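Presented below is the structure to which this report refers.
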Amino acid sequence: MTTLAIIGGGIAGRSLIYTLAKRKNIFSNITLFDSDSFARTCSLRSTAIVAPRGVSAGHSDLGDLLLAAFQTFAQHVEEDRPLGVFPITQYTGAITKLDQFKQRYPHGTSCKATASFNLRDETYLATDPAFMIETSTYLKWLLDEAAQLPIVVRNEFVTNLNDSGSDFELTTQNGVSNRFDKVIFAGGFYNQYWGPTQAAKPVQGSYFEFLKTDFGSESFSLTLESDNLVYHALSKTLLIGSSSQNDSHEIPPMQDLKEIYSRLSQRLELKLPPIDSGNILTGIREKGPKRSPYISIDRNSARIGGFYKNGYSLGLHLGRELIDQFS
Ligand SMILES: Cc1cc2nc3c(=O)[nH]c(=O)nc-3n(C[C@H](O)[C@H](O)[C@H](O)COP(=O)(O)OP(=O)(O)OC[C@H]3O[C@@H](n4cnc5c(N)ncnc54)[C@H](O)[C@@H]3O)c2cc1C
């Protein structure tokens with residue numbers, strides 16, 4: 001019987017386990033190593049919207065992959081009714097480079113009022129069906145759905161890995177070692193620690209979180225130019241961001257965040273909560289060359305990652321592909 005270790009319990013690692021539960025599991029034991037205190041889980045610090053983002057088929061491999069991943073996720077929502085995932089409207093608008101934007105979003109229209117908010121000036125906006133994810137609920141659900149599998153979750157970090165050629169010896173921070181037949185690296189940017197297969201970079205993303213904000217009973221997400229505003233009606237939470245910096249640390253770029261807040265408050269007829277009442281959340285994601293996500297298999301080990309954006313749909317889509325090839 002074959003044993004498997006998965007290093008990383010963000011959306012990538014949990015989508016793999018969920019897929020093993022839904023498809024045929026061949027492993028006699030699956031151990032998930034995850035440690036938010038060692039490497040903070042980006043999936044819990046994400047605005048977590050799954051939207052088509054103006055991608056159409058046939059222009060690039062990455063575009064085709066993102067579109068297929070969106071479709072996989074939409075089908076998953078329809079068939080599996082996951083907890084923590086809510087259908088919403090995604091509004092996407094532009095003020096500059098309008099010609100380019102209209103080519104990407106030909107279904108848009110100039111308007112000042114939407115069903116969810118009003119704008120100060122006439123703005124070209126496209127609306128698309130999308131999904132909003134309550135991250136901790138959905139991440140928990142993915143594991144709960146796999147409760148019938150022989151899984152052990154270890155909230156420990158793997159500090160050493162020895163490949164004997166026939167199996168892997170993994171050692172955690174407390175000095176405990178165990179052997180596994182196969183290993184999957186799903187550790188976000190920390191995949192690079194186990195030997196780079198490609199030149200991925202860490203990219204920090206930060207955003208404001210305002211609790212107790214009431215903008216009505218409909219959740220929505222707005223991307224205006226590259227500024228985002230996400231309103232969770234159920235939890236009455238507003239997210240504003242997100243900045244993007246080529247950094248591997250979690251100190252947020254306050255000036256960038258303030259500018260995003262200020263642009264949105266000038267452009268929207270919404271009374272935003274005072275800026276100093278916001279919490280700041282920061283995640284570090286892995287940006288592969290040309291923003292490409294990856295799966296790779298090398299005998300008994302595999303890697304999944306490079307989820308710069310769209311991690312919540314790519315996790316399931318590429319997770320299925322990896323499990324099909326690796327099991
Ligand atoms: C500000 C921001 C906004 C975003 N918005 C969106 C969005 O709207 N939609 C979307 O789909 N995506 C979005 N993303 C991207 C998405 O969040 C990421 O793509 C995704 O979370 C990456 O998931 P992951 O599983 O690869 O990595 P992570 O979630 O970081 O999980 C990796 C896990 O591996 C663990 N780990 C690593 N090394 C070890 C080790 N040695 N031992 C034990 N455990 C280990 C870590 O503790 C961590 O928990 C956003 C990201 C940010 C930062």
(Q) Criterion first (in a loop (DSSP other than H, G, I, E, B) and either closer than 22 Å to LEU270 by Cα or under 24 Å from the mean Cα position of the chain (by Cα) (or both)) does THR123 satisfy it? (A) no
Q. Inside region 1-102, counting only strands (runs of 3 or more DSSP E) that do not spill past its ends, which hold 2 or more residues that are within 12 Å of the ligand (Cβ to nearest atom) and in contact with a Leu (Cβ under 7 Å, 6 or more places away or on another chain)?
A. 2-7
Q. Filter region 187-228 for residues that are within 27 Å of GLY9 (Cα to Cα) and β-branched (Val, Ile, Thr); which is nearest to the ligand (Cβ to nearest atom)?
A. VAL203
Q: Hand me the list of strands (runs of 3 or more DSSP E) wholly inside region 176-253 holding 2 or more residues that are of a type in the set (A, V, I, L, M, F, W, C).
A: 182-185, 201-210, 220-224, 227-232, 237-245
Q) Can you tell me how many residues in region 111-154 are farther than 22 Å from GLY8 by Cβ, out of contact with any Gly (no Cβ under 6 Å at 6 or more places or on another chain) and surrounded by 14 or more Cβ atoms within 10 Å (Cβ to Cβ)? A) 10
Q: Would you be able to say whether some residue in region 68-75 is loosely packed, with under 14 Cβ neighbours inside 10 Å, closer than 20 Å to HIS317 by Cα and either outside the structural domain of SER116 (by TED's automatic domain parsing) or in contact with a Gly (Cβ under 7 Å, 6 or more places away or on another chain) (or both)?
A: yes
Q: Would you check if LEU161 is within 15 Å of the ligand (Cβ to nearest atom), at pLDDT 95 or above and within 21 Å of the chain's Cα centre (by Cα)?
A: no
Q: Return the residue satisfying two criteria in turn: it lies in region 268-327 and is assigned to a loop (DSSP other than H, G, I, E, B) and within 9 Å of the ligand (Cβ to nearest atom), and of such residues it is nearest to GLU169 (Cα to Cα).
A: GLY306
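The values are calculated or read from the model by the stated rules, or taken from the named source; none is laboratory data. What you are looking at is a predicted structure, and each value in this text was computed from that prediction instead of being measured. Because the Cβ atoms are built from the backbone with ideal geometry, glycine has one as well, and the counts that use them run over all protein chains shown.
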